[in-house]
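Undergrad: There's a structure below that I have some questions on.
The values are calculated or read from the model by the stated rules, or taken from the named source; none is laboratory data. As the structure is a prediction and not an experimental result, all values here were calculated from the model. Using ideal geometry, Cβ is built from the backbone for each residue, glycine included, and neighbour counts are taken over all protein chains shown.
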Amino acid sequence: MSEKKIKVAIVGASGYSGKELLRLLLMHENVDLVCATSRQSAGQKLTEVFPRFRGGKADDLLFVQPDTDSIVASGAECAFLALPHGVAVEYAQDLVEKGLRVIDLSADFRLEDVDVYLEYYDKQHPSPDLMKEAVYGLPEVYADEIKAARLVASPGCYPTSIILPLIPLLKEGLLDTSSIVVASMSGASGAGKKADTSLLFVEINESIRAYGAPKHRHLSEIEQELTHAAGAEVQISFVPHLMPVTAGINSTIFSSLNEGVSGEDVNKVLLGAYQGAAFVRVLGEGVFPDSKNVVGTNFIDIGWVIDARTGRLILFSAEDNLGKGASSQALQSFNLMFDLPENAGLLHF
């Protein structure tokens, strides 16, 4: 392990993704966490808000107000923005201009087209030039671009679970791009840390419900990346569901195969695409990923079956929505940006 230390700030460190970032960064041997912001908890010790971090590097840390001057004054070289959509952009431009490298966990910079952003987020993007500069932070696809980036837009949790299984197959022309349908299920932490009656324990316990159909906001970045992979416009049907667990995503993806494509072709393409990928576990045909095997990790597990009756491929993936779908994936990009081993700080099970 390299002995170099990178000074890091977390902006919005008291939410679910922020807390997971704290856990990961406090264990990372190459990170010196110098700043953690929270409007609600400013002035409090980090260990008062999160007692689980007592007895370690967090003991002397205080939450501070999310002020860019204070973040810069901390000496941070990199800032993680664990902020709501529409808020992160307020900090990203100022921090980048002041020389910090920024990893944004919100959706503020994931899209390339300002018109698509307006369509899905109902407002004009306030920083279109920086939006165009941002690199989509999927390490398995854009590693070289991430290494050189000033601003990384870390993907959403649903998109990661859908894009990674599909990209290799679309690149090789195995799928009928007009036939892709996805149903995903996510734990309640995916909605963020907010007061919402629909997310109370008694409302979600022992129940599963669909939401966000037919045009969930994540659909915009999913179709953007699938279109890049296919080399032609891809539109899909996507329905997310809320399930009564804290964390985890399980996605099921249906697609018709192009004529002459076999299960052996699917196997060869997926294994070949992710043979050297540190955090993609290709389980193989007939193996069904289980969310309990990925929660708390940065892994995504992928399996599939072929329905011979219908000529359809059915792909399955599982990941942690707070991990590979948020905080640990952002840390994976951080490692690339600062020339560290890609798996540094990420092999805790």
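Undergrad: Scan segment 71-79 and give yes if some residue there is touching a Lys or Arg at 6+ places or on another chain (Cβ under 6 Å), assigned by TED's automatic domain parsing to the domain that holds GLN332, at pLDDT below 95 and crowded, with 19+ Cβ neighbours inside 10 Å, otherwise no.
TA: Within segment 71-79 (the criterion being touching a Lys or Arg at 6+ places or on another chain (Cβ under 6 Å), assigned by TED's automatic domain parsing to the domain that holds GLN332, at pLDDT below 95 and crowded, with 19+ Cβ neighbours inside 10 Å), the answer is no, since none of the residues qualifies.
Undergrad: Go through segment 1-41 and give me each residue that's polar (S, T, N, Q) and either surrounded by fewer than 21 Cβ atoms within 10 Å (Cβ to Cβ) or in a strand (DSSP E or B) (or both).
TA: SER2, ASN30, THR37, GLN40, SER41, listed by residue number.
Undergrad: Give me the residue from segment 169-187 that is assigned to a strand (DSSP E or B) and touching a helix residue (DSSP H, G or I) at 6+ places or on another chain (Cβ under 9 Å) and, out of that set, nearest to ARG312 (Cα to Cα).
TA: Checked segment 169-187; the qualifying residue nearest to ARG312 (Cα to Cα) is LEU175.
Undergrad: Given the criteria more than 17 Å from LYS324 (Cα to Cα) and either out of contact with any Pro (no Cβ under 8 Å at 6 or more places or on another chain) or hydrophobic (A, V, I, L, M, F, W, C) (or both), does ALA148 qualify?
TA: Yes, satisfied.
Undergrad: Within the set of pairs 6 or more residues apart or between chains, which connect a residue that is in contact (Cβ under 8 Å) with a residue 60 or more places away in the chain inside segment 263-288 to a residue that is of a type in the set (D, E, K, R) and assigned to a loop (DSSP other than H, G, I, E, B) with Cβ atoms less than 6 Å apart?
TA: VAL269/GLU172; ALA278/GLU342
Undergrad: Criterion first (out of contact with any Gly (no Cβ under 8 Å at 6 or more places or on another chain), more than 26 Å from ASN343 (Cα to Cα) and not hydrophobic (A, V, I, L, M, F, W, C)) does SER38 satisfy it?
TA: No.
Undergrad: Picking from SER262, SER220, SER255, which residue would you name as being polar (S, T, N, Q) and either closer than 13 Å to TYR158 by Cα or not assigned by TED's automatic domain parsing to the domain that holds LYS292 (or both)?
TA: Matching residue, one of SER262, SER220, SER255: SER220.
Undergrad: Could you please find all residues in segment 44-99 being in contact with a Cys (Cβ under 7 Å, 6 or more places away or on another chain) and not polar (S, T, N, Q)?
TA: VAL64, ILE71, ALA76
Undergrad: Can you report the number of residues in segment 268-316 which are on the phi < 0 side of the Ramachandran plot and outside any loop (DSSP other than H, G, I, E, B)?
TA: Here the count works out to 27.
Undergrad: Same structure again: Do we find that ASP144 is free of Cβ contacts under 8 Å to residues at least 40 places away in the same chain, surrounded by fewer than 21 Cβ atoms within 10 Å (Cβ to Cβ) and either in contact with a strand residue (DSSP E or B) (Cβ under 9 Å, 6 or more places away or on another chain) or outside the structural domain of ALA247 (by TED's automatic domain parsing) (or both) in this structure?
TA: For ASP144, the condition - free of Cβ contacts under 8 Å to residues at least 40 places away in the same chain, surrounded by fewer than 21 Cβ atoms within 10 Å (Cβ to Cβ) and either in contact with a strand residue (DSSP E or B) (Cβ under 9 Å, 6 or more places away or on another chain) or outside the structural domain of ALA247 (by TED's automatic domain parsing) (or both) - is met.
Undergrad: Shifting gears a bit: Restricting to segment 234-261, name every residue that is touching a residue at least 40 places away in the same chain (Cβ under 8 Å) and either of a type in the set (Lys, Arg) or not in a strand (DSSP E or B) (or both).
TA: VAL234, GLN235, ILE236, MET243, PRO244, VAL245, THR246, ALA247, GLY248, ASN258, VAL261
Undergrad: Pull up segment 100-141, narrow it to residues that are of a type in the set (Gly, Ala, Ser) and over 18 Å from PRO66 (Cβ atoms), then point me to the one that is surrounded by the most Cβ atoms within 10 Å (Cβ to Cβ).
TA: Among those residues, the one meeting the criterion is GLY137.
Undergrad: Being part of a loop (DSSP other than H, G, I, E, B) and buried (at least 17 other Cβ atoms within 10 Å of the Cβ) is the filter here; which residues of segment 49-70 pass it?
TA: Those that are part of a loop (DSSP other than H, G, I, E, B) and buried (at least 17 other Cβ atoms within 10 Å of the Cβ): PHE50, ALA58, LEU61, PRO66.
Undergrad: Please determine, by comparing only the residues of segment 108-124 that are modelled with pLDDT of 95 or more and assigned to a loop (DSSP other than H, G, I, E, B), which one is farthest from LEU151 (Cα to Cα).
TA: ASP113
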